[in-house]
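Every number in this text was worked out from the coordinates using simple rules, so none of it is lab data. Keep in mind that this is a model prediction, so the values were computed, not measured. Using ideal geometry, Cβ is built from the backbone for each residue, glycine included, and neighbour counts are taken over all protein chains shown.
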């Protein structure tokens, strides 16, 4: 990273610092307080003000309020996070951090990687995830491969399900509203000194709207320009359900055994704008079913009078996707036909982590990990010579270490590194360091981090008919630095961070000399270079304590392809969100929230710039009794028309209401 680049980011940061107190828009999550504990930033429990990493925490109340139609909605408005959804509830939803691709953003559930090994880039489709009973989401920004290995180039999203504790407690939530939406959740939690448990189920049905072309006024075509788009159908239904369970048993004062299991199923109808026949664009045959299941068992033991904590974790997950599509396959003469494509990705592995307290010298973390990914693909029908299945696997072995320590009462430092080795593939080493410094009695905290990221080639990029087994890992180096300020007895909190990331060895696709004779349509190869730099700002102000609160985030980002000397696609230069929350009337909470996304370039020939948009939502909750609450919301109050992905519209003004019973 050049000094000129950091200087530009610092200049923008200075302007944001000057303007932000007057803007003070919304932070999509819980205020960061001195006693808040996070685990993602350093793999050990840490007070959030003692980590140099840039991290945002979303609490369960915020997640439940915003994620009724999909988990991706809970992440909208988080500083540095981009969300793109195609066609409403259940449709493909991608999430990325600081301009990285979705495949360069590591997503965990309870600390376990959930990226789909059968997808092109190993990324996560948030459209199929069930919100369930989630305790919190921690969003860690910047390259984190030294902590978590492959994919953690832009950052890490760790989804943490609820742990049971105390007397048994149950809840049921029922909600309905626009677009034929019905959503139900139920959970039960509890525990004793020895045993704790948490179980939850979640089900959603939505009639939805046509995923392609809905509320888009310009003329659209199908079949690569074959003709005008046919009349839109009444909707594209979604049926999504899931369940989760987490049980912990204390074997002794120094040993705990934990088991977790979760699963989800997402069945949707979608549209096929690439069909060559008008009747096939919105044919009900175009549908998909995606199933995800994950389980783990973890043994935690304490030794050396509690100074050494050992964690042994065995885990596995599997993603199954079946897609039925009209004119979705081609024969030897390039004539299209209807078909089903199947994709299965599995992951099995084990990990050991040891955390050793070394007195005044802090905490030393050491770990070993082995993970095997496998993918198989199928097609039916599959005429001879027209389909090349994938049946491949790769095992990654890793070792990592980190040292966390304090100098005096105000300075906290960490440094560490990791080596990942893919069998018969790439081997890469990464590092990371961070610092947090609290100025004396001023409410000011300085924080900074620097590190490297890497992403191993996916199974598809290595072993498909377009693959190249010797591909190198994608790599990045990033740095961020910021200041957090608390004023007015902590009623006002501001945090501004400048960041700069450089990417190299990015995997691209095209016809190059390294392609084999059989790869006439192209192959994957290492070529890309890119830069993302910018500023993230967040804040919260209790204007009148226990009555009026204002929250906000703003992200400015410059994202550029250094090979093509052009902007990166689907990265807005500016994003912001802002909300005003009123709790001055007993048992009532009202929130008005606005989300803004600036113009961004999208894939087309020639490229198209999507217009900026602002979306206004209203939320209300009233606690009728200790065991009963009613709630409602109005989304897109101004009925704004916009696209997050080219040619895929979004819902118009929509109204939802429901109730939650707890006992």
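One Cα centroid belongs to the stretch 133-150, the other to the stretch 348-422; the line between them spans 12 Å. The Cα atoms of the stretch 124-172 define a convex hull whose projected area, averaged across directions, is 5.0 nm².
For the chain, the 222 nm mean residue ellipticity estimated from helices alone, with every DSSP H stretch of n ≥ 4 adding -39500 (n - 2.57) and the total spread over all residues, rounds to -2000 deg cm²/dmol.
Roughly how many whole Å is it from the C-alpha centroid of the stretch 233-248 to that of the stretch 284-324? Here the two parts' Cα centres lie 18 Å apart.
For residue 509 and residue 168, the difference between the fully extended length at 0.36 nm per residue and the C-alpha to C-alpha distance is 117.4 nm. Annotation for residue 626 and residue 299: the two label points, set 7 Å from Cα along the Cα-Cβ direction, are 4.3 nm apart. Here the gap between residue 335 and residue 661, fully extended at 0.36 nm per residue and compared with their Cα-Cα distance, gives a gain of 111.8 nm.
Start at zero, step by 20 Å, and the Cα-Cα distances of the chain spread as 18, 55, 26, 1 percent across the bins. Inter-label distance, residue 574 to residue 384: 6.3 nm, where each label sits 7 Å from its Cα along the C-beta direction. Descending by average beta-carbon neighbour count within 10 Å, the peptides 624-630, 106-112, 539-545 line up as 106-112, 539-545, 624-630, the highest first.
Spin-label model, residue 518 to residue 582: label points 7 Å out along the Cα-to-beta-carbon direction sit 6.8 nm apart.
Counting neighbouring Cβ atoms within 10 Å and putting the fewest first, the residues 524, 582 line up as 582, 524. Listing 663, 431, 324 from fewest to most neighbouring C-beta atoms within 10 Å gives 663, 431, 324. Once you reduce the stretch 467-541 and the stretch 615-637 to the center of their Cα atoms, the two points are 37 Å from each other. Hey, with R₀ at 60 Å, roughly what FRET efficiency would residue 357 and residue 182 work out to, going by the Cβ-Cβ distance, to 0.05? After rounding, the FRET efficiency stands at 0.75. Shown is the FRET efficiency for residue 348 and residue 441, computed with R0 = 45 Å from the Cβ-Cβ distance and rounded to the nearest 0.05: 0.30.
Going from the fewest other Cβ atoms within 10 Å to the most, the residues 588, 129 appear in the order 588, 129. Mean sequence separation of contacting Cα pairs (under 8 Å, at least six apart), scaled by the length of the stretch 3-662, corresponds to a relative contact order of 13 percent.
Most tightly packed first, judged by the mean number of other beta-carbon atoms within 10 Å of their residues, the peptides 441-452, 494-505 read 494-505, 441-452. For the pair residue 653 and residue 618, the difference between a 0.36 nm per residue extended length and the Cα-Cα distance amounts to 11.5 nm.
If R0 is 56 Å, the Cβ-Cβ spacing of residue 431 and residue 278 corresponds to a FRET efficiency of close to 0.50. Summary of packing: across the peptides 90-98, 62-70, the per-residue average of other C-beta atoms within 10 Å ranks them, highest first, as 90-98, 62-70.
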